[in-house]
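Accompanying notes for the structure given below.
No value in this document is a laboratory result; all are computed from the given coordinates. All values reported here derive from a predicted model rather than from experimental measurement. Here the Cβ positions follow ideal geometry from the backbone for every residue, glycine too, while neighbour counts run over all protein chains shown.
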Amino acid sequence: MSYEAKLMQMKKLVKKKPLESEEVVQAPRREKPPSPLYEDRWLSAGLTKEENEFGIVYKRVVHYPMDYRHGKYVLSGLLNTVESWRQLEEIHPLAPDFSRPLLFFDTETTGLKGAGTLIFLMGFIEYTEDSFTLTQYVLPGPDHEAAFLYATKLWETPMSIVMYNGKSFDMPQVQTRWTMNRDILPPLLKHTEIDLLHGSKRIWKNEMETFKLTAVEEEQLGFFREGDIPGHMAPIIYQDAVKNGRAEILMKILDHNEWDILSLVTLYIRSTDLLLLGDSPSTANAKTNIGKWFTDLKSYERSKEMLAEVIEKYGVDEPRAHFHIGFILKREEQHSKAIESFTIAAGGLSGRERIIALEELAKLFEHKVKEPSRALYYTKEAVRLLNSDSETSEQFKTRMGNDFAHREIRLRKKLFPGEAQ
């Protein structure tokens, strides 16, 4: 008898349990957690109570009139900001998805990372008809986390969410907490994420020493905080409020979060004005950075317009603008103008950009203008500066040094065909 036949005989000997005798294991019914003992103290401090099927959450709602001013900017300016993005016929990382509601979002957490880190405060600002509304949700305690997350409605409607470092911190934290409650909550939706930290670094690179939100507020928005708590104190204050019911100091965290989100609104206005409106006050550095950003996005016409404006106003005093417009002119095959721009850049810059400008001059003279002697001159000048430049990395020096060595050999063959190589 074959092995397979023996298995079939053994299978017939196994008695199946009748279906009617099978026991169905019922999932334990989830009890809604009770209100915390300190509820009255939190309510008396200005919070309101909201209940859902998973428990309770406390919240605070603030309405701002259209003419509310935060620093140098009025909130109603957001309407023009949105319209500016609507008219833009290009893709940009800061542009909202107009099929989705636009919200400004920030969180406060008990730590910076790890599965044990809880989000204890989530705040949203949205435009509603004739005013702006801030809604802040506060976590009563870990047993109410599902109710807290559910109340935000991040599971209900896809949104365009504006944040500051949100792509790296806030949204991953939300996703982690949602995952921890995935057996209870509806799935978390995929939202359009707009991160103003990324935008700020692109616009004000080389201009600001730090990109902490408070620094951006002071330097770019004209907003100075008074009586604010240090951010690192927020988890300690929250834990004390949960343990001892002290809501007075808890409200300071809500104020901190409120300022964060108001600054997101005005920073979005400020950033959009710089990106899309040419008459917005700015530095040559910021405008050059914006021109470079549009180049990276392949919006060459807009980039060229921005860089040309800088050059017209500042001339050779802003060599980075000449450096970046040089690549656009080269792409348009305006070789003589590209050479002029790279020459100014090579004379006014240092480090990597100076070496790259010299390389571009060597390329243009070798391949486009067909003047190998000038190409050799710029190649040798680049090598000389590369060997003495302390600003560039060893990796950059090695890579560029090899490229220049090959270029020099090739140029010498063209110039001196009989010379031994």
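The alpha carbon convex hull volume per residue for the range 284-415 rounds to 102 Å³. Label sites at Phe224 and Glu193, each approximated as a point 7 angstrom past Cα along Cα to Cβ, lie 3.5 nm apart. Which one of Ser263, Ser271, Ser35 has the biggest mean-square fluctuation once the chain is modelled by GNM with Cα springs under 10 Å? Greatest mean-square fluctuation among the candidates belongs to Ser35.
With the charge dipole of the chain set up from +1 on Lys and Arg Cβ and -1 on Asp and Glu Cβ about the Cα centre, the Cα lying farthest toward the positive end among the listed residues Leu361, Asn402, Tyr127 is that of Asn402. Note on the range 345-421 and the range 48-86: Cα centroid distance 55 Å, given to the nearest whole angstrom. For Lys313, the lysines whose Cα falls under 19 Å of its own Cα, not counting residues fewer than eight places away in the same chain, are Lys287, Lys292, Lys304, Lys337.
Given their separation in residues at 0.36 nm each and the Cα-Cα distance between them, Glu309 and Leu79 gain 80.1 nm when the chain is fully extended. Structure remark: mean-square fluctuation, Gaussian network model of the chain, C-alpha springs under 10 Å; the largest value among Lys363, Lys287, Lys205 belongs to Lys363. Membrane-span-like helices in the chain (whole DSSP H runs, Cα extent of at least 30 Å along the helix axis, mean Kyte-Doolittle hydropathy of at least 0.0): 247-276. Dipole of the range 70-194 computed with +1 at Lys/Arg Cβ and -1 at Asp/Glu Cβ about the Cα centre; of Ala151, Leu139, Ala95, farthest Cα towards the positive end is Leu139. If R0 equals 41 Å, the separation of the Cβ atoms of Gln334 and Lys167 corresponds to a calculated FRET efficiency of about 0.60.
Evaluated over the range 26-183, the count of Lys pairs having alpha-carbon atoms less than 17 Å apart is 5 (only pairs 8 or more residues apart or interchain).
Of the chymotrypsin sites (Phe, Trp or Tyr not before Pro) in the range 91-197, the ones in a loop by DSSP (not H, G, I, E or B) with at most 16 other beta carbons within 10 Å are Phe98, Trp155. Summary value for the chain: 12 percent relative contact order, contacts being C-alpha pairs under 8 angstrom separated by 6+ residues.
Hydrodynamic radius of the range 39-276 by the Kirkwood approach over all distinct alpha-carbon pairs: 18.5 Å. Take the Cβ atoms of Thr133 and Ile236, set R0 to 25 Å, and the FRET efficiency comes out at 0.30. Volume per residue of the convex hull around the Cα atoms, evaluated for the chain, comes out as 275 Å³. Bridges between two residues of the chain, per DSSP, are antiparallel at a rate of about 80%. At an R0 of 22 angstrom, the distance between the Cβ atoms of Glu394 and Asn206 translates into a FRET efficiency of 0.45. Looking at the range 39-276 alone, DSSP beta bridges between its own residues are antiparallel in about 80 percent of cases. The GluC sites (Glu not before Pro) found in the range 37-85 that occupy coil by DSSP, while having at most 16 further C-beta atoms within 10 Å, are Glu53.
In this label model, Lys243 and Ile184 are separated by 2.3 nm, measuring between points 7 Å along each Cα→Cβ vector. For the range 54-140, applying the loop criterion from DSSP together with a ceiling of 13 other beta carbons within 10 Å to the trypsin sites (Lys or Arg not before Pro) yields Lys72, Lys113.
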